[in-house]
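Let me give you the structure first, and then I'll get to my questions.
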Amino acid sequence: MNTIPFELPGFRIQAIDVHDQTLVIRAQSIATKSCCPDCGTPSSRVHSSYTRSPRDIPCNGRAVQLVLGVRRFRCLNAYCPRTTFAERLPHLVPLRGQRTHRLTNVLREIAFALGGEAGQRIQVHLRMNWSADTLLRITRATPLDAVRAPT
């Protein structure tokens with residue numbers, strides 16, 4: 001079984017395991033090169049690799065833990081102050097993020113509908129175990145819509 005019921009763009013699924021009501025999906029990035037975030041120079045020279053483990057929305061009553069293999073590249077620009085950089089996953093996980101954009105959007109909807117404490121109580125039944133404070137942080141980080149000037 002190497003298929004999942006949602007998209008994981010830019011990754012090849014390596015393994016899917018179930019551990020204590022958690023679906024663990026191991027995937028490897030298929031990108032052959034990445035651009036330096038400082039100077040924008042593309043590089044295909046791999047320095048090393050590591051894993052990121054963000055959480056995703058639950059699937060079939062199980063919490064989902066992604067284990068994503070990503071690489072560090074060497075910047076080929078001799079004048080760039082950054083010698084190595086990690087490939088970014090802006091379409092899936094924010095920089096230094098612990099959860100996917102999809103999970104954050106679901107948590108935001110729960111937080112705006114129910115608030116912190118009530119949202120925390122209901123999400124336990126949905127296999128999303130985030131604190132009430134996290135829900136409130138997500139609402140505070142949400143940008144406000146532009147307010148039109150009265151006429």
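The values are calculated or read from the model by the stated rules, or taken from the named source; none is laboratory data. All values derive from a computational prediction rather than experimental measurement. Don't worry about glycine lacking a Cβ; one is built from the backbone with ideal geometry, like all the others, and counts go over all protein chains shown. For accessibility, only protein heavy atoms count, side chains too; no ligands or nucleic acids. Shrake-Rupley method; radii C 1.70, N 1.55, O 1.52, S 1.80 Å.
Looking at the stretch 112-131, I want the residues that are hydroxyl-bearing (Ser, Thr, Tyr) and have a partner that is in a helix (DSSP H, G or I) and open to solvent by less than 100 Å² (accessible area, probe 1.4 Å) with Cβ atoms under 7 Å, at least 6 apart or on another chain. Which pairs are those?
Correct list of pairs: Ser131/Gln120.
Since Leu66 meets every condition but one in (1) open to solvent by 80 Å² or more (accessible area, probe 1.4 Å); (2) assigned to a strand (DSSP E or B), which condition does it not meet?
With respect to (1) open to solvent by 80 Å² or more (accessible area, probe 1.4 Å); (2) assigned to a strand (DSSP E or B), Leu66 is out only on (1).
Within the stretch 1-15, track down each residue that is of a type in the set (D, E, K, R) and either assigned to a loop (DSSP other than H, G, I, E, B) or in contact with a Phe, Trp or Tyr (Cβ under 8 Å, 6 or more places away or on another chain) (or both).
If the condition is that a residue be of a type in the set (D, E, K, R) and either assigned to a loop (DSSP other than H, G, I, E, B) or in contact with a Phe, Trp or Tyr (Cβ under 8 Å, 6 or more places away or on another chain) (or both), then Glu7 is the only one that fits.
Which residue, of Phe11, Phe6, is surrounded by 14 or more Cβ atoms within 10 Å (Cβ to Cβ) and either within 13 Å of Val70 (Cβ to Cβ) or among the aromatic types (Phe, Trp, Tyr) (or both)?
The match here is Phe11.
For the stretch 85-105: of the residues being aliphatic (A, V, I, L, M) and open to solvent by less than 80 Å² (accessible area, probe 1.4 Å), which is nearest to the chain's Cα centre (by Cα)?
Per the stated criteria, the residue is Val93.
With Arg52, Arg108, Arg82 as the choices, which residue is in contact (Cβ under 8 Å) with a residue 40 or more places away in the chain, open to solvent by 20 Å² or more (accessible area, probe 1.4 Å), closer than 24 Å to Phe6 by Cα and not hydrophobic (A, V, I, L, M, F, W, C)?
Arg52
Quick one: count up the residues across the stretch 69-81 that are aliphatic (A, V, I, L, M) and part of a strand (DSSP E or B).
Matching residues across the stretch 69-81 total 1.
Residues to consider are Cys35, Cys59; find the one that is open to solvent by less than 40 Å² (accessible area, probe 1.4 Å) and either of a type in the set (D, E, K, R) or touching a Pro at 6+ places or on another chain (Cβ under 8 Å) (or both).
Cys59
Let me ask something else about it. Which members of the stretch 111-151 meet the condition of being outside any loop (DSSP other than H, G, I, E, B) and either open to solvent by less than 70 Å² (accessible area, probe 1.4 Å) or among the polar types (S, T, N, Q) (or both)?
Ala111, Gly116, Ala118, Gly119, Gln120, Gln123, Ala132, Thr134, Leu135, Leu136, Ile138, Thr139
I would also like to ask the following. So, in the stretch 16-41, how many residues would count as being touching a residue at least 12 places away in the same chain (Cβ under 8 Å) and not in a loop (DSSP other than H, G, I, E, B)?
Residues that pass the stated criteria total 11.
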